[in-house]
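Got a structure here, written out as structure tokens. Questions coming.
The values are calculated or read from the model by the stated rules, or taken from the named source; none is laboratory data. Worth saying up front: this structure is predicted, and the values here are computed from it rather than measured. Glycine also receives a Cβ, built like all others from the backbone with ideal geometry; neighbour counts cover every protein chain displayed.
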Amino acid sequence: MTCTVAQLKEVSKSYGAGHNRVLAVDRLSLKVAQGDYLAVMGASGSGKSTAMNILGCLDRPTSGEYWLDNCPTGGLNDDQLAELRNRKLGFVFQQFYLLRELTALENVMLPMAYAGVARPLQRQRAEAALVRVGLGQRLHNRPNQLSGGQQQRVAIARAIINRPALLLADEPTGALDSTTSNEVMDLFGELHQEGMTIILVTHEQEVAARAKTIIRFADGHIQHPPLPPSPPQPPPLRHDGGTPMASVSVPSPSPSPDQAAPILPGSSVTVQDPRSIYQGYTGIVQRISDRRAAVLFEGGNWDKLVTLQLSQLQGR
Ligand SMILES: Nc1ncnc2c1ncn2[C@@H]1O[C@H](COP(=O)(O)OP(=O)(O)O)[C@@H](O)[C@H]1O
Ligand SMILES: [Mg+2]
């Protein structure tokens, strides 16, 4: 019997309201079984990242349900979601997001520190993971002493160190040359062979071809059946005219704090709110809804990915 690791049930996600409403994900249902290896493809703006953010508990659906490892996530608060991310999910991003002042070993130890693993065990497991990804000779190097491919392998070791139920990768080879990209994809292939459940977003056909199943997104849902490669795409019927992030706007002449000028994904923010334990920390916005931002803090410590109100942040 196959066990379901993640399930989206009629999940929709919309941003904005009225004329500005964008339906980024539209009644998406998806069952991910243990050991699956899915590649997600689709035109820019088709909802891939929104779906990944929901699967990664970085964002919540507007409607529908998301079950992770047989638990409904709908009723969980931000702290509970953060804990779930630490225990059940591993993330790999295009830009690696390693902490630059820490060595490879220390970067990989971090998620275990947050999970409360004893320090000697952290070290032992981090070493084994780095040996596993072929970096046994680079334990004490900092990210700037490593190549892009090596940095991504450290990030993969960090992502799998707490033995996540689901490994999510958003364009993991997007910043790598083709040789290095192949090495990194070999590693994903090996992890899949070892039983890891993987969902990977890519726009590269050769990368997607390595997965067990390719899913194509169009207009916020999965295209059935898959279309032949690259049919001419009509422009998406979206208010943003096909340039996803850049033109997102929340017009508001005299904004209340929560509706102030939007902070766009990728921009740098500093937490202002003295009540937040992240006050004074600077991070990168991963995703925003109308009022909330998931922020990846300094150097990309993914354990500190939190969802904050926009009023708690100041853009830079
Ligand atoms: N925070 C946001 N506010 C408003 N619209 C958004 C936001 N995030 C994404 N969108 C819109 O949702 C749609 C899907 O975006 P996204 O999930 O990023 O697509 P993809 O990753 O496939 O390029 C796009 O039209 C995009 O402009
Ligand atoms: Mg995207």
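Quick check on region 25-42. Is at least one of its residues touching a Lys or Arg at 6+ places or on another chain (Cβ under 8 Å) and farther than 22 Å from LEU167 by Cβ?
Within region 25-42, none of the residues are touching a Lys or Arg at 6+ places or on another chain (Cβ under 8 Å) and farther than 22 Å from LEU167 by Cβ.
Among the numbered criteria (1) modelled with pLDDT of 95 or more; (2) outside any strand (DSSP E or B), which one does ALA169 miss?
It is condition (2) that ALA169 fails.
Further question: Among the residues of region 58-88, how many are in contact with a Phe, Trp or Tyr (Cβ under 9 Å, 6 or more places away or on another chain) and either buried (at least 22 other Cβ atoms within 10 Å of the Cβ) or among the basic types (Lys, Arg) (or both)?
Total satisfying the criteria: 3.
Can you pull out every residue in region 42-90 that is under 15 Å from the mean Cα position of the chain (by Cα), within 16 Å of ligand 2 (Cβ to nearest atom) and not hydroxyl-bearing (Ser, Thr, Tyr)?
Those that are under 15 Å from the mean Cα position of the chain (by Cα), within 16 Å of ligand 2 (Cβ to nearest atom) and not hydroxyl-bearing (Ser, Thr, Tyr): GLY47, LYS48, ALA51, MET52, ASN53, ILE54, LEU55, GLY56, LEU58, ASP59.
Would region 64-81 turn up any residue that is within 16 Å of ligand 1 (Cβ to nearest atom), touching a residue at least 24 places away in the same chain (Cβ under 8 Å) and under 15 Å from LEU8 (Cα atoms)?
Checking region 64-81: at least one residue is within 16 Å of ligand 1 (Cβ to nearest atom), touching a residue at least 24 places away in the same chain (Cβ under 8 Å) and under 15 Å from LEU8 (Cα atoms).
Here is a further query. Is it true that GLN150 is under 18 Å from ASP177 (Cα atoms), assigned by TED's automatic domain parsing to the domain that holds GLN94 and either in contact with a Ser or Thr (Cβ under 9 Å, 6 or more places away or on another chain) or crowded, with 18+ Cβ neighbours inside 10 Å (or both)?
Judged against the criteria, GLN150 is a match.
Where residues in region 193-208 are more than 21 Å from LEU8 (Cβ to Cβ) and touching a residue at least 24 places away in the same chain (Cβ under 8 Å), which of them is nearest to ligand 2 (Cβ to nearest atom)?
HIS203
May I ask you to list the residues in region 12-49 that are closer than 25 Å to GLN205 by Cβ, surrounded by fewer than 20 Cβ atoms within 10 Å (Cβ to Cβ) and near ligand 1 (Cβ under 6 Å from one of its atoms)?
Scanning region 12-49 gives a single hit, SER44.
One line per residue, one yes/no per condition, for (1) within 26 Å of ILE263 (Cα to Cα); (2) not β-branched (Val, Ile, Thr):
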| site | (1), (2) |
| --- | --- |
| HIS19 | yes, yes |
| ALA24 | yes, yes |
| GLN34 | no, yes |
| ASN77 | yes, yes |
| ALA82 | yes, yes |
| GLN95 | yes, yes |
| VAL117 | no, no |
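Same structure, new question: Within region 10-27, identify whether any single residue is among the small types (Gly, Ala, Ser), at pLDDT 95 or above, in the same structural domain as ILE214 (by TED's automatic domain parsing) and within 15 Å of ligand 2 (Cβ to nearest atom), and answer yes or no.
yes
Going by what's in this entry, would LEU38 be described as within 20 Å of the chain's Cα centre (by Cα), in the same structural domain as GLY64 (by TED's automatic domain parsing) and touching a residue at least 60 places away in the same chain (Cβ under 8 Å)?
Criteria met by LEU38.
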